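For reference, the structure discussed in these notes is given below.
The values are calculated or read from the model by the stated rules, or taken from the named source; none is laboratory data. Everything quoted here is computed from the prediction, not taken from an experiment. In this analysis, Cβ positions are derived from the backbone assuming ideal geometry, glycine residues included, and neighbour counts consider all displayed protein chains.
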Amino acid sequence: MTATKITRIGNSKGIIIPSEVIKSQALEEGDEVVLTFDLASQTLSCTFPKTKQLKLTIR
């Protein structure tokens, strides 16, 4: 598991995807990321539709 913090990005807030995830999924700037949040389990899942499937869980 990799921990990250919410950070300011311009006028917005976001998270930084760790470089090992970027490299393992061959992600490029502009690639689509689909976020799913399950309120009951407090689980945020990320899917990168144009790459290998990877599920990240942040609690």
*If you check every pair at least six apart or on different chains, which have Cβ atoms under 8 Å apart with a residue in the stretch 23-45 that is under 19 Å from T4 (Cβ atoms) first and a residue that is at pLDDT 90 or above and among the aromatic types (F, W, Y) second?*
T43/F37; L44/F37; S45/F37
*From the list L35, L54, L27, L39, which residue is at pLDDT 90 or above and more than 9 Å from the chain's Cα centre (by Cα)?*
L39
*Quick one: how many residues across the stretch 6-24 are within 12 Å of the chain's Cα centre (by Cα), surrounded by fewer than 13 Cβ atoms within 10 Å (Cβ to Cβ) and assigned to a loop (DSSP other than H, G, I, E, B)?*
2
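Being assigned to a loop (DSSP other than H, G, I, E, B) and touching a Ser or Thr at 6+ places or on another chain (Cβ under 8 Å) is the filter here; which residues of the stretch 25-46 pass it?
Selection gives Q25, A26, L27, D31, V33.
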